[in-house]
Amino acid sequence: MENSGFKYYKKILAGTFRAAKPWHIVFAILMWVVAFNGFHGLDPKRIVVGAVCGVIFWVLWFLIGALVITLKQLKLYKVLDQYGYGMEFLRAYENERITGKPFRLQYAAEYALIFARMGQPADAVTYLDSVAIPSNAPVHEKIHFFFAYVVSALKADNLAAAENKWREFQELINKAQNDPVYNESSYMLYLALIYIDCYAGRQGDLSRVRRAYDQTVAYMNTGHYKRYPLPTPDFEIVMLLELKLLGRTDEFNALYPRVRQKVETWDPLLLVQKKVVFEDLEKVCRGELPL
């Protein structure tokens, strides 16, 4: 059954609250406490009133922010939920984000991924090769572009193109991996690099698979990953592939039921997401990349 707009809003709101950092509410409280006290000194009543206003402001900020996101995305959500990654969604995305609209690198990346998921990854690579990356594009949008390029290239069986893009983006990768400012999107960098190594490993270089496995374990042990876990078990799924390619059957058999249970009990924002993740599970069982 198709999700309603209110269900989308509830799920987006829950996600924004989960992603909130403690300093957000601390900053809001301090801002309002200072505003209420001004030059009057620290008056206990003003401190309490300011703190309450700060909490209210913090809550309203997330309520309104989630509403804005929902209203902005609702049309595309509904089309994607109803039709999946097909021509209907491609046309809807073009109308909403591409044709006659100001250019955004992130939208270009998302547009290419639609082609890749429709079974036209070579067209996605061709399109991304034609995109001129603005020097002032936000880093998180460049990360989206890199991820889309790697996924599209590997789906098109073009390992050379993916590895060339890795070299081209090396400076950005180093910056994003070592700067906590980009933690929210850096997981895509790790996934992209892991996918490249796994693809190379499927062609016989098991040292690349071992490196991918070590990278997966290292990222999943970071404080950021534990504090802000992804809604989809992307890293667990790719770990299943790594274990399979490395012949570690016992570990694969122990991990698989836990990952499948996580997917089965997951209530995603979009219904199509669950279908895609189940397909990814089937792929890794066949030794294929979950792209």
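The values are calculated or read from the model by the stated rules, or taken from the named source; none is laboratory data. Only a predicted model underlies this, so the values are computations on that prediction, with no experimental measurement involved. Reconstructed Cβ throughout: ideal geometry from the backbone, glycine too, with neighbour counts over all protein chains shown. Calculation scope for accessible area: heavy atoms of the full protein, side chains included, ligands and nucleic acids excluded. Shrake-Rupley method; radii C 1.70, N 1.55, O 1.52, S 1.80 Å.
Please find the FRET efficiency linking Lys283 to Asp129, where r is the Cβ-Cβ separation and R0 is fixed at 30 Å, and quote it to the nearest 0.05. Show your work: numbers first, answer last.
Numbers: r = 26 Å, r/R0 = 0.87.
That pair, Lys283 with Asp129, gives E of 0.70.
How far, in degrees from 0 to 90, does helix 271-285 lean away from the longest principal axis of the Cα atoms of the chain, to the nearest 10?
Taking Cα atoms only, the helix is inclined about 40 degrees.
Modelling each spin label as a point 7 Å along the Cα-to-Cβ direction, I'd like the Leu255/Met87 distance in nm, to one decimal.
It works out to 4.0 nm between the two label points.
Can you put Lys165, Lys78 in order of accessible area, largest first, using a 1.4 Å probe? Walk me through the intermediate numbers first.
Details: Lys165 20, Lys78 70 Å².
Largest accessible area first, the residues go Lys78, Lys165.
Which whole-number percentage describes the relative contact order of the chain, with Cα contacts under 8 Å and a sequence gap of 6 or more?
On the way: 298 pairs, mean separation 39.2, N = 291.
In percent, rounded to a whole number, it is 13.
Roughly how many Å² is the accessible area per residue of the chain, as a whole number, for a 1.4 Å probe?
Values: 15370 Å² over 291 residues.
For the chain, the per-residue accessible area is 53 Å².
Pairs of Cα atoms under 8 Å, at least six residues apart: use those to get the relative contact order of region 40-145, whole percent. The partial results should precede the final answer.
On the way: 53 pairs, mean separation 20.8, N = 106.
Relative CO of region 40-145 lands at 20 percent.
Counting only helical runs of four or more DSSP H residues, what would the 222 nm mean residue ellipticity of the chain come to if each run contributes -39,500 (n - 2.57) and the total is spread over all its residues?
On the way: 15 runs with 219 residues, N = 291.
Taken over the chain, the calculation gives -24500 deg cm²/dmol.
Measure nothing but the geometry: give the 0 to 90° angle between the long axis through the Cα atoms of 249-264 and the longest principal axis through the Cα atoms of the chain, rounded to 10°.
Computed tilt is about 50 degrees.
Got a sec? What order do Cys198, Cys53 fall in by accessible area at 1.4 Å, biggest, i.e. largest, first? Please report the intermediate quantities before stating the final value.
Details: Cys198 0, Cys53 35 Å².
Ranking Cys198, Cys53 by accessible area, largest first, yields Cys53, Cys198.
Give me the percent relative contact order of region 58-209, please, defined on Cα pairs under 8 angstrom at least 6 residues apart. Can you show the working numbers first?
On the way: 136 pairs, mean separation 25.5, N = 152.
17 percent.
What do you reckon, how do His140, His224 stack up by accessible area (1.4 Å probe), largest on top?
Values: His140 70, His224 35 Å².
Ranked list, largest accessible area first: His140, His224.
Leaving out ligands, DNA and RNA, and with a 1.4 Å probe, what % of the accessible surface on the chain is carbon or sulfur?
Working: 9120 of 15370 Å².
Answer for the chain: carbon and sulfur cover 59 percent of the accessible area.
What residue among Trp266, Trp61, Trp166 shows peak mean-square fluctuation when the chain is described by a Gaussian network model with Cα springs under 10 Å?
Trp61
Of the labelled options (i) 72, 47, 43; (ii) 94, 35, 32; (iii) 89, 52, 39, which one gives Cα extents along the principal axes in Å as computed for this structure?
(i)
For the residue pair Arg248 and Leu271, what label-to-label distance in nm results when each label sits 7 Å from Cα along the Cα-to-beta-carbon direction?
About 3.8 nm separates the two model spin labels.
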